[in-house]
Structure formats: structure tokens, C-alpha cells
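Okay, so here's the structure we're looking at.
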Amino acid sequence: MRPFHILLVLPALSSLVASQQIWDIWQTTWNGTNLFKALNPRPPLDFVTPGPIGAADIVVSHSTIYQEIVGFGATLTDSSALLLNNLKTKNPANYWSLLSYLFDAKEAANAAGLSYLKLPLGATDFSAEAYTFADVPNDTCLKEFDINNAPSYIFSVARDILSVNSAMKFHVVPWSPPAWMKEGNKLNGGALRTNMTSVYANYILRALQGLKLNGINVYSVAIQNEPEVNNPTYPSSTMSPLTEAKIAMALRPLLKENGFPAVKLIGSESNWSTALDYPVELMQVGCEHFDGVSFHCYQGNVDQQGEFSTRYPSKEIYMTECSGIRGTDWWNDIKWYTDNIFIGALEHNAKGALMWNLALDGSGNPKYPGTRSCASPGCRGVVTINSDGTWTVNQEYYMMAQVSKATIPRDIDGPSGKRIKVDVNGDLGWSLRVGAFMTERKNPTDWLRYSLVVLNCEQTNKLQATYTFPVGLTTLWWYAPTSVSLDDEPQLPAFSEHEGVQTAFEFMDQSEAY
């Protein structure tokens, strides 16, 4: 395995250089010898005068700032909530240790600090039964609307998660309108009737109000999950861009007038392959009503997300669904998801990234009766919960933990990390995928936190005797003052010289900001 020697160059105030150090490093190696392991190098890595650049050169430009990162997580489906609730009943200690390992966002915690969850509004392909919040036919005034049609364990588990991480952001989205609002009067498949746009907008508003009464404040809401999917085996619905735009036109003032002015309205919820089709058409007919759009990973590629972002640079981008598949290769999964989602989607301006089910059992169940979704070999949850009251986290956890740790707020209720510019050069730069982040502070005089997430894919038999990037994922951070002088001499961490490939991290100052 080819390691990479760390050299970190940054312009710094000369009087403060000696106190700048790298203390915290987390690693997940390709063969599982380290699994999101805190290394805490002792002694810490000090900054000294720079040496020669090696075969891979990582250049971090701290003044080129891109989007703020909302966070990372998965979907609290009915199935996930049911399994978690069962775990709480069978083994409360294991339940709370799992929630802590997933969601504790304190900087020093041995935890991922996941802070972004998707919450379905009504039944999905991972629900025990069919339901919406308005199942009484022709109730256009929504007099019989009842948020408690949802299983109670969804709300109790969500509140438990909030007790661990009060900064959790919820993205909510329905898989289908109530059957009586649709052509054919069926929950599985079909399309919304054209005369129901205002009723459906009110339905979504009532859902947000119901969630608030259950202690769940919503960060963002989408109007329809995968609006081009008409699946007769689980709750789904097609919806044209024009219809979605009309619903948004009705919903936007309702949100403002009813205490939800800050809730973001997100469109599309479609695959990358549709990036220049459905979301573009949606922007053409309803651009002013949407804060942004979201994407799923199942068709197309992440570059297509970037093409949409180039056309509509003022619109926010979110990556809101991608599922692991049972039986796939652990290391290849980590490489693909890191490359395409947890670094790649962010490079194409995503503010956050979500996997699909937060938790499933070892067979990829439970699922909606009769569904053909996630057929053999089945979907994999971020967590596998076993019937004996034990749990294990899967590769999705380790991927998200590495990048989440780099972007969680440094201060309680403080800002989360922002992506900053990073370039990878050199003959062996091709084997590194790097994300760079800066986290601001509540007190403007406190030092900023800078973080790197590095995926090393290169394999060789060369060794290196000093601190290395093993083949795998590495996250590290350091602190620097809020102001730097370009007249000061660049500095970098001290290392003894050993045979091996050297990677330099140059920390540049530029004026460009996004």
C-alpha cells in the first residue's frame, strides 16, 4: 500500500506559527484494520519551514470559499424507526449507544455527528402498511387530517435523535399524495389530479404543522419523491414540472403566513440522469418558488448534477438519496461513494448528502408488502440491527463519519463547515480524492478550524516510516487564526525524511469567494 507523507503549507502570522498543530486524525483503512479510529498523534504535528514538494501536492486555498455544508445522514423510514424502536425495547443500552455513535456532534466525541435526516411524509416502499395523513376520501378541507396516522415510533425515535443532536436538520418529502387526490384513486402509482394542487399544498402545510406538534422542526420540504416514477408496487406518484411548480406557488405563501418562512422549498428529488430535463423544466416554470433542487444517485452520474448547478448557480443543491446494496464489496463501495457523493457531490455544490434507509435488518427488511423495490439481493441500511438486540454499522457509516467529522460545528449552535478550494497535483495526485473545509466560529476572534478528508486509492509495496496516509479514508483538522499575512513565510508540519511518496498541503490565500 502506498502511503503519503504529510506536508502542510499555509501562510500564517509568524508569532503564532509555533502554536499551530495537528492533534486530531481519524482513519478508516481499506482492509478494516482502522474503522473511523481516532489516532491523536503524539507528539502533535508542528508547523516549521517548508521542505521539498513530493510526487503528490495538495494545495488548499482558504480564501476561495464555496457552500456551507448542512450535513450528512440517511432516511428515517418507517422500517428504520421500527427496528430502532424494537432495539430500544430489547436492549436500551445498545439503542442509546447506537444513537450516540451516529449523531453525537461534539467535537471530541467518538461519533460521526450525523446532522441531516430525510423523513418521509406518509408510507414508502419501507413501511409496514399503506397510509397518508388524510385517508378519508374527498376531504378537500382536510378536516380529518391526522399526523398520527403515522406509526408513533417514528416520532419517538426522532425525538430521541434530537435529544442526542439538537441541531438535527430534517428534510421531509411525500412519496404520494392521498389516493383520493389522484387519478385512479390508488396510492401505488398514478398522478395527482390537476384540480388538487391547492389542496395538496395545504396537505403539505398541515404535515409540517403536525410534525412541529410532535417536536420536529423542518429544515426543508420537497413536494414529491421521484416525480417521474410510477410504480404500482409501493406508494408513488408521477408529477409534471408544471404541476409541481403550481403546488410550490400555492405552498410558498402558506409557509410564510403560517410560521414556516425559513423552511426551504426543494424541487425535483430526481436522479442525476434527469438533471438537464426535469429540474431544468421545473426552473423554467417555477424558478422563483424554489430554494433549490435535490438529486438521487441511481441513474446518471454526479457530473450531470454539476451541469445543472452551472445553469442555475443561485439554486441550492442537495444529494438526498443513495442506497447501499447487500453483498457488495466493502472497499469498492467506500471508494465509489466517497468519490461520487461525499466528495464528488459536494464538489458539484451539494450542501449535504443522504443515504437511503438509516437502519435495516440483515436481509434488507422490513419492506412494504408486495413491493418490488430493492429486490434481491436487497438494500443495505447504514446500520444493521439484529433480532438479538445487537447492531453493526456498515460502510455507509464510515464514509459519512469521515466527512461529517470534518464539517460538524466547532461551537454549540455554531456554523458548520464550508467547502473551500483544494487542488491535487503531481504524478501521483490521480490516486487521491480530497475535500477541504473551513469551520467558522461564533466568536470572530477564535481560531478557525480547517479540515481535510483524503481518500487514498493507490496500492504499492513501498513503505514510509513517518506519519502516512494509508490506503483508505483519513480526516484531520488543525486551527489557524482568523487573519493571515501573505508576507509571512509559509509553514508546514515537521517530519523526518524517509523514503516514500511525499504529499504537500499548500495553504494559499486568494481573493475569490462563492
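Is one or more of the residues making up segment 244-258 part of a strand (DSSP E or B) and open to solvent by less than 40 Å² (accessible area, probe 1.4 Å)?
no
Need pairs with beta-carbon distance below 7 Å; first residue in contact (Cβ under 8 Å) with a residue 60 or more places away in the chain and within segment 177-202, second open to solvent by 20 Å² or more (accessible area, probe 1.4 Å) and part of a loop (DSSP other than H, G, I, E, B); sequence gap 6+ or separate chains.
Close Cβ pairs satisfying both conditions: Leu187/Ala130.
What pairs come up if the first residue lies in segment 160-172 and is in the same structural domain as Ala93 (by the TED database) and under 17 Å from Met319 (Cα atoms), the second is assigned to a helix (DSSP H, G or I) and open to solvent by 10 Å² or more (accessible area, probe 1.4 Å), and their beta carbons are under 6 Å apart, counting only those six or more places apart or on different chains?
Taking only residues 6 or more apart or on different chains, the pairs are Met168/Leu162.
For the subset of segment 229-265 comprising residues that are of a type in the set (D, E, K, R) and more than 23 Å from the chain's Cα centre (by Cα), which member is farthest from Phe295 (Cα to Cα)?
Across segment 229-265, the extreme among qualifying residues is Glu257.
Regarding Leu205, is this residue part of a helix (DSSP H, G or I), under 23 Å from Tyr153 (Cα atoms) and hydrophobic (A, V, I, L, M, F, W, C)?
yes
Quick one: is Thr407 open to solvent by 10 Å² or more (accessible area, probe 1.4 Å) and over 21 Å from Trp30 (Cβ atoms)?
No; evaluated as a whole, the condition is false for this residue.
Scan segment 410-428 residue by residue and report those that are over 18 Å from Asn340 (Cα atoms) and either modelled with pLDDT under 90 or open to solvent by 10 Å² or more (accessible area, probe 1.4 Å) (or both).
Arg410, Asp411, Ile412, Asp413, Gly414, Pro415, Ser416, Lys418, Asn425, Gly426, Asp427, Leu428
Which count do you get for residues in segment 379-401 that are surrounded by 19 or more Cβ atoms within 10 Å (Cβ to Cβ) and either among the basic types (Lys, Arg) or over 24 Å from Asn31 (Cα atoms) (or both)?
1
When the residues of segment 20-30 are filtered to those that are at pLDDT below 90 and within 21 Å of Val393 (Cβ to Cβ), which remaining residue is least open to solvent (accessible area, probe 1.4 Å)?
Once the filter is applied, the top-ranked residue is Ile25.
Out of all the residues in segment 275-288, which are open to solvent by less than 20 Å² (accessible area, probe 1.4 Å) and of a type outside the set (Phe, Trp, Tyr)?
Those that are open to solvent by less than 20 Å² (accessible area, probe 1.4 Å) and of a type outside the set (Phe, Trp, Tyr): Ala275, Pro279, Val280, Leu282, Met283, Gly286.
So if I check each of Ser100, Ser163, Ser156, which one is hydroxyl-bearing (Ser, Thr, Tyr), open to solvent by 50 Å² or more (accessible area, probe 1.4 Å), at pLDDT 95 or above and not in a loop (DSSP other than H, G, I, E, B)?
Within the list Ser100, Ser163, Ser156, the selection yields Ser163.
Do you know which of the residues in segment 313-351 that are part of a strand (DSSP E or B) and not small (Gly, Ala, Ser) is surrounded by the most Cβ atoms within 10 Å (Cβ to Cβ)?
Across segment 313-351, the extreme among qualifying residues is Tyr318.
The values are calculated or read from the model by the stated rules, or taken from the named source; none is laboratory data. Here the structure is a predicted model, which is why all the values come from computation and not from measurement. Reconstructed Cβ throughout: ideal geometry from the backbone, glycine too, with neighbour counts over all protein chains shown. Ligands, DNA and RNA are stripped out before the accessible areas are found, and what is left, the full protein with its side chains, is counted by its heavy atoms. Shrake-Rupley method; radii C 1.70, N 1.55, O 1.52, S 1.80 Å.
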